[in-house]
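The numbers here are math on the coordinates, done by the rules we state, and not lab data. Computed from a prediction, not measured in an experiment: that's the story for all the values here. All Cβ positions, glycine included, derive from the backbone under ideal geometry; neighbour counts span all protein chains shown.
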């Protein structure tokens with residue numbers, strides 16, 4: 001059982017891989033958790049569910065930084081999304097999934113973001 005990382009509103013998150021849980025966790029920790037303005041910079045190596053306490057490996061995309069380079073150019077955070085191929089959440093809500101970096105670039109260009 002692995003937690004599959006995806007970008008949602010510019011943050012890397014994962015759904016809990018335990019069937020029936022439904023929780024989503026951020027996959028980066030803040031440098032200073034007491035400072036809400038601190039950027040998320042510490043990448044987690046394991047998924048820990050704060051609801052059901054499931055622990056799992058995280059499946060990261062190999063081109064994560066390239067994906068984020070494209071997404072962070074989008075001015076509106078809720079448009080900064082990327083899901084891996086066949087991700088259950090993307091399928092359930094009929095959201096694009098498995099997009100390549102070039103697909104993201106083309107999609108941004110269609111909306112005037114270069």
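With r defined as the distance between the Cβ atoms of residue 101 and residue 53 and R0 fixed at 22 Å, what FRET efficiency is calculated, to the nearest 0.05?
Given R0 = 22 Å and the Cβ-Cβ separation, E is 0.05.
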For the stretch 2-110, what does the equivalent ellipsoid look like in terms of its semi-axes, each the square root of 5 times an eigenvalue of the Cα gyration tensor, given largest first in whole Å? 23, 18, 12
Extension gain from residue 43 to residue 86, taking 0.36 nm per residue of separation minus the Cα-Cα distance: 13.1 nm
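Peptides 57-64, 92-99: what's the order by average Cβ count within 10 Å, highest mean first?
Top of the packing list down: 57-64, 92-99.
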Sequence gap at least 6, Cα distance under 8 Å: using those rules, report the relative contact order of the stretch 33-114 to the nearest whole percent. 19 percent
